[in-house]
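Single-structure report; data block below.
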Amino acid sequence: MTSTAKAATARRVVFPFTAIVGQEEMKLALLLNVIDPKIGGVMIMGDRGTGKSTTIRALADLLPEIPVVANDPFNSHPSDPELMSDEVRTAFLNGENIPLAQQKVQMVDLPLGATEDRVCGTIDIEKALSEGVKAFEPGLLAKANRGILYVDEVNLLDDHLVDVLLDSAASGWNTVEREGISIRHPARFVLVGSGNPEEGELRPQLLDRFGMHAEIHTVKEPPLRVQIVEQRSEFDQNPHAFLEQYQSKQEELQQTIINAQQLLPSVTLDYDLRVKISEVCSEMDVDGLRGDIVTNRAAKAIAAFEGRTEVTIDDIRRVITLCLRHRLRKDPLESIDSGYKVEKAFARVFGVELSEDSAAANGTGQKATAGR
């Protein structure tokens, strides 16, 4: 047995991503954020027991191993200075030999009761003053660098902590300051938040900072429900045998993600389409320019995912609702629009038909079929 095979066997078996039935909107949003982390993360809102946590863990397990600096608490990249801690960057610039290692992409769970010190890390002031060294105890943001940071029930998390997470996700750096001592380290991660709308919404200012917003609903069709129950039962009885059934699909999707990440810089978005995206944002009265930027990035990511270098109108149609629905101004008593308003504005600006099926689908938060 090879060392890779031994490591795979030793790892806790996770339900395979390619076996997950339905919830296409959530799966698409997660995949696009992995292809281009600069999209800004995804907020997943939906009913209890709809597989939010299962899907996110399955995605982390699916992702390919990444090169890291051995024994580095920040998962520093061995050759990209932007993804290195200060200590590793100094060694790199001085031409020192940097030990390398391969590891799985980290998925870090943020517990609801976490303190700011636990999230950001702490500085040992006494050691710093007595020994003159910056004694830093890394937090969850350090562990999540170049990985996925998952916050379940993010709408119940303290607003101050949400601000810290979003600031780090946007800047790619975490800075800790205590008593005049300042330490910073890279903190580039895909931020995934999930929650149940019945337990309250995030403040609009915080919600706007998430790149995408996916809605998921309990599957209604009895045959699909039976399929999901049977799959789960089969997985619980014999996880390794179940995983083997999907191994080839898992490897195929993993390679597709790698190819998309490499192709992404070559993907182009026509100027006229960019203008129309901004026209939709303007018509929907979206505050700021985050909606425009994220829609542009997501459209390019979906084109790369499908192996193309030019964005089409259909690419934009498939991502624009995910990127804009949570940025619309709304009556305080309304819940987040399921997407029909965005689809309607898209159809008018891009000159495509909004079918009755699309309108009905949007009304239930499912994927639209405008312009097909």
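Nothing in this text is a laboratory measurement; each read-out follows from the coordinates by a stated rule. Note that the structure is predicted; figures quoted are calculated from it, not measured. We place every Cβ from the backbone using ideal geometry, glycine too, and count neighbours over all the protein chains shown.
What to note about this one:
- Of all DSSP bridge pairs formed entirely within the stretch 147-264, close to 55 percent run antiparallel.
- Out-of-range pairs (alpha-carbon distance over 31 Å; input Lys52/Lys344; Lys249/Lys344; Lys52/Lys104): Lys249/Lys344
- Full extension of the chain between Glu153 and Val275 gives 40.3 nm of extra length, using 0.36 nm per residue less the Cα-Cα distance.
- In terms of its C-alpha gyration tensor, the stretch 280-325 comes out prolate, because a/c is 1.5 or above and the ratio a/b outweighs b/c.
- Sorted by Cβ density within 10 Å, fewest first, the residues Arg57, Arg178: Arg178, Arg57
- Relative packing of 111-119, 47-55, 142-150, which averages over residues the other C-beta atoms within 10 Å, highest first: 142-150, 47-55, 111-119
- Between amide H atoms placed 1.01 Å from N, distances below 5 Å from Val190 occur with Gly147, Ile148, Leu149, all of them 5 or more places distant or on a separate chain.
- Tilt relative to the chain, helix 52-62 - C-alpha long axis, 0 to 90 degrees, to 10: 60 degrees
- Of the Cα atoms belonging to the stretch 225-337, the radius of gyration and Dmax stand at 19.2, 54 Å.
- Degrees between helix 271-283 axis and first principal axis of the chain (Cα, 0 to 90, nearest 10): 80 degrees
- The chain: antiparallel DSSP beta bridges as a percent of all, rounded to 5: 40 percent
- Along its three principal directions, the equivalent ellipsoid of the chain from the Cα gyration tensor extends over semi-axes of 35, 26, 21 Å, largest first.
- Rg/Rg_ref, the stretch 30-157, where Rg_ref = 2.2 N^0.38 Å and atoms are Cα: 1.23
- Positive-end residue, the chain charge dipole about Cα centroid, Cβ charges, pick of Leu354, Ser282, Gly49: Leu354
- Rounded to the nearest 20 debye, dipole of the chain from Cβ charges on Lys, Arg, Asp, Glu: 620 debye
- Helix-only [θ]222 nm of the chain, DSSP H runs n ≥ 4, -39500 (n - 2.57) each, per residue, nearest 500: -13500 deg cm²/dmol
- Compared with the dominant principal axis of the Cα atoms in the chain, helix 313-324 is inclined by about 70°.
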